[in-house]
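Novice: The structure's right below; bear with me while I get my questions together.
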Amino acid sequence: MQPFRVHSGLVAPLDRANVDTDAIIPKQFLKSIKRSGFGPNLFDAWRYLDHGEPGIDNAKRPLNPDFVLNEPRYRGASILLARRNFGCGSSREHAPWALADYGFRAIIAPSYADIFHNNCYKNGLLPIVLGESEVARLFDATLAFPGFTLTIDLERQTVVSKDGSMAFGFEVEPFRKKCLLEGLDDIGLTLRHADEIRTFEARRLAEQPWLA
Amino acid sequence: MRRTLYDKLFDSHVVRTEADGTALLYVDRHLVHEVTSPQAFEGLKLAGRRPWRAGSIVATADHNTPTQDWAHGIRDPISRTQVETLDANIRQYGAKAYFPFLDKRQGIVHVIGPETGATLPGMTVVCGDSHTSTHGAFGALAWGIGTSEVEHVLATQCLLAKRAKTMLVRVEGRLGPGVTAKDLVLAVIGRIGTAGGTGHAIEFGGAAIRALSMEGRMTVCNMAIEAGARAGLVAPDDTTFDYVRGRPFAPVGAQWDRAIALWRTLASDEGATYDATHVFDAAEIMPQVTWGTSPEMVVPVDGRVPDPDRERDATRRDGIAKALEYMGLVPNTRITDIAIDKVFIGSCTNSRIEDLRAAAAVARGRRVASNVKLAMVVPGSGSVKAQAEVEGLDLVFLAAGFEWREPGCSMCLAMNDDRLEPGERCASTSNRNFEGRQGAGGRTHLVSPAMAAAAAIAGRFVDVRRLS
């Protein structure tokens, strides 16, 4: 996994609550058996004027000029600013895969759905929670100042605007922070405890043989 | 210390705990389907690993499979590749059970887990699918995971998890005639919201929950995720044990007796405390119909579509306006004035035998309205389909003008050919009314099976209790 330490990038504002993972990556793209290549279909139904299907050339499709990510000023954005309950619905990890493949390294929102939140950490995508009023200020600043960038420092757990006028702290669980800072592979970490798992399993299956 | 059911289930699966409280939880049952597993198996292979305990795996193909013309196989080559990839992975690594496409017991993963006894009280059950919460109806700790975690379970038989907060949703009293588990859970979501349960495991209790069948409890726990909770729970009782007894993977003989003794301890201790509690009176719950693009956008059938101008919160007001625009609805429209184009009875929420009986009871001797282009019934599994046919329900549906299909996820998420066309409006017994969920531009209204059947007959939403 790609480590996350410090990241500075352009901010794009997605101003709606309860954005679900069906909207982030529609179902027809879930037929892929790969982990990559979902970026061009991120927010497909909002981003394009026509209907997308796997295998068609997305570069030739008509873009929806009203969709925020299609505005020239947000081209190259790597930090997504969102509203409450972002990533609700389906557990599809294709959602964080699509966001990361598009180029996002972090999301800032007042809250996330649990499964999506968890999936982000597995893909080097940092889901930052800030308060509603802090997120509202960031929306205002992003809309007011073209080229508005933020610097996210995971070690220090801070989000700071370029001129330093806005600075917020955020919480992150220590274990997740460590994994993300070092780009650690969860499975490798867990397998260090293989003996404990084996012992636990043997006892459990002996006591409740119907679980085998 | 008095513990909740959630605490007991969590504690009994902890292998070890990190300093910050992150636990390594042992997974008893791993349900696998074709959409969220290929990348996990590939990752496993690339790392030179094998499944830790293939005997924990129960797999099926359900999301991509067609619901008609099975003789023609899966026509979409991309879907077919995905299903064949699952076939190959299970062939290579093995499983406790595999119900592939065309198997007569194939079906929706959350229907076949319980009906085969692969889901048992006291288990941890995971699957790369958010509706894994369904299995909590058995007093199992069950939750949906992403593909990285599918790989983690394959490789280690464990998951990293932080203890969730606990929420009790207590539903007292008795549901009225014609009011079902679906209406109950929609009413709960309508009150607590789609993020109301975020960070929590919801335990459903109270007389109205105890009175539900296992099918009803599964419907309720299935939609816990639509309230934001990864897990829903109902303490197991005689209703649970009567359902489980005799199923293929259920314990027998002396083991059954030991299992029951253990399972009876799976209830929250008297006086255990929850981080949040919500109390409902079942008698006040009416048949529900969603009007918007989130399951929390729901009203009783005698209600009206809301008016965004009356909402004070700006984000909410904007959400209502966007939803009404997408749904093609005018503020203050009566729900019963909304005409429909299609009807979908199926999904992991409502495709079990009891659901089909409820819909058939409404359809019997009636005809689907002429303005309804398609009314389809998709059983949750081959076993449900066979049982329904033994009872003659297929004939009731066919006589009324419904289509009787093969099992699968079908138009709940429209990965196969079953879908809404842009602008089409559907009465659906599924779980999500998100934009485009049932097909790009499609408009979904979530209802119970009886209400969906009633809508098919009337051509618009009606109160099933008043259907003449």
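Novice: Answer with yes or no whether residue A:131 is under 25 Å from residue A:71 (Cα atoms), open to solvent by less than 50 Å² (accessible area, probe 1.4 Å) and in contact with a strand residue (DSSP E or B) (Cβ under 9 Å, 6 or more places away or on another chain).
Specialist: Judged against the criteria, residue A:131 is not a match.
Novice: Something else now. Within the set of pairs 6 or more residues apart or between chains, which connect a residue that is more than 7 Å from every other protein chain (Cβ to nearest Cβ) inside segment A:82-97 to a residue that is among the charged types (D, E, K, R) and surrounded by fewer than 24 Cβ atoms within 10 Å (Cβ to Cβ) with Cβ atoms less than 6 Å apart?
Specialist: These pairs meet every condition: A:97/A:35.
Novice: Please verify whether residue B:62 is in contact (Cβ under 8 Å) with a residue 12 or more places away in the chain and under 28 Å from residue B:167 (Cα atoms), treating the condition exactly as stated.
Specialist: So residue B:62 does not fit the description; no.
Novice: Test residue B:82 against the criterion of being under 15 Å from residue B:149 (Cβ atoms), of a type in the set (S, T, N, Q), facing another protein chain (nearest Cβ under 10 Å) and in a helix (DSSP H, G or I), and give yes or no.
Specialist: no
Novice: Among the numbered criteria (1) open to solvent by 40 Å² or more (accessible area, probe 1.4 Å); (2) more than 13 Å from every other protein chain (Cβ to nearest Cβ); (3) not β-branched (Val, Ile, Thr), which single criterion is violated by residue A:42?
Specialist: Here residue A:42 meets the rest and fails (1).
Novice: Also, quick follow-up: Of the residues in segment B:346-374, how many are among the small types (Gly, Ala, Ser), surrounded by fewer than 22 Cβ atoms within 10 Å (Cβ to Cβ) and not in a helix (DSSP H, G or I)?
Specialist: 3
Novice: Follow-up question, since we're still on this one. Please enumerate the residues belonging to segment B:425-468 that are buried (at least 24 other Cβ atoms within 10 Å of the Cβ), within 14 Å of chain A (Cβ to nearest Cβ) and among the aliphatic types (A, V, I, L, M).
Specialist: Answer for segment B:425-468, where residues must be buried (at least 24 other Cβ atoms within 10 Å of the Cβ), within 14 Å of chain A (Cβ to nearest Cβ) and among the aliphatic types (A, V, I, L, M): just B:446.
Novice: Turning to a different aspect of this structure: Just checking, which of B:140, B:208 is open to solvent by less than 20 Å² (accessible area, probe 1.4 Å) and more than 14 Å from chain A (Cβ to nearest Cβ)?
Specialist: B:208
Novice: When you check residue B:128 against the structure, is it within 12 Å of chain A (Cβ to nearest Cβ) and surrounded by 24 or more Cβ atoms within 10 Å (Cβ to Cβ), yes or no?
Specialist: Taking the combined requirement at face value, the residue satisfies it.
Novice: Pull out all pairs, ordered by first then second residue, where Cβ-Cβ is under 6 Å, the residues are six or more apart or on different chains, the first lies in segment B:230-250 and is within 12 Å of chain A (Cβ to nearest Cβ), and the second is buried (at least 21 other Cβ atoms within 10 Å of the Cβ) and of a type in the set (Asp, Glu).
Specialist: B:230/A:114
Novice: Assess whether residue B:119 counts as being modelled with pLDDT of 95 or more, part of a loop (DSSP other than H, G, I, E, B), open to solvent by less than 10 Å² (accessible area, probe 1.4 Å) and away from chain A (no Cβ under 11 Å).
Specialist: Against the criterion (modelled with pLDDT of 95 or more, part of a loop (DSSP other than H, G, I, E, B), open to solvent by less than 10 Å² (accessible area, probe 1.4 Å) and away from chain A (no Cβ under 11 Å)), residue B:119 qualifies.
Novice: Would you please name the residue that is nearest to residue A:200 (Cα to Cα), looking only at residues in segment B:4-35 that are over 27 Å from the mean Cα position of the chain (by Cα) and of a type in the set (D, E, K, R)?
Specialist: Per the criteria, the residue is B:16.
Novice: I'd like to check something: does segment A:100-111 contain any residue that is touching a residue at least 40 places away in the same chain (Cβ under 8 Å), open to solvent by less than 10 Å² (accessible area, probe 1.4 Å) and within 13 Å of another protein chain (Cβ to nearest Cβ)?
Specialist: no
The values are calculated or read from the model by the stated rules, or taken from the named source; none is laboratory data. Everything numeric in this text was worked out from a predicted model, so none of it was measured. When we count neighbours, we look across all protein chains shown, and the Cβ atoms used for this are built from the backbone with ideal geometry, even at glycine. Heavy atoms of the whole protein, side chains included, go into the accessibility calculation; ligands, DNA and RNA do not. Shrake-Rupley method; radii C 1.70, N 1.55, O 1.52, S 1.80 Å.
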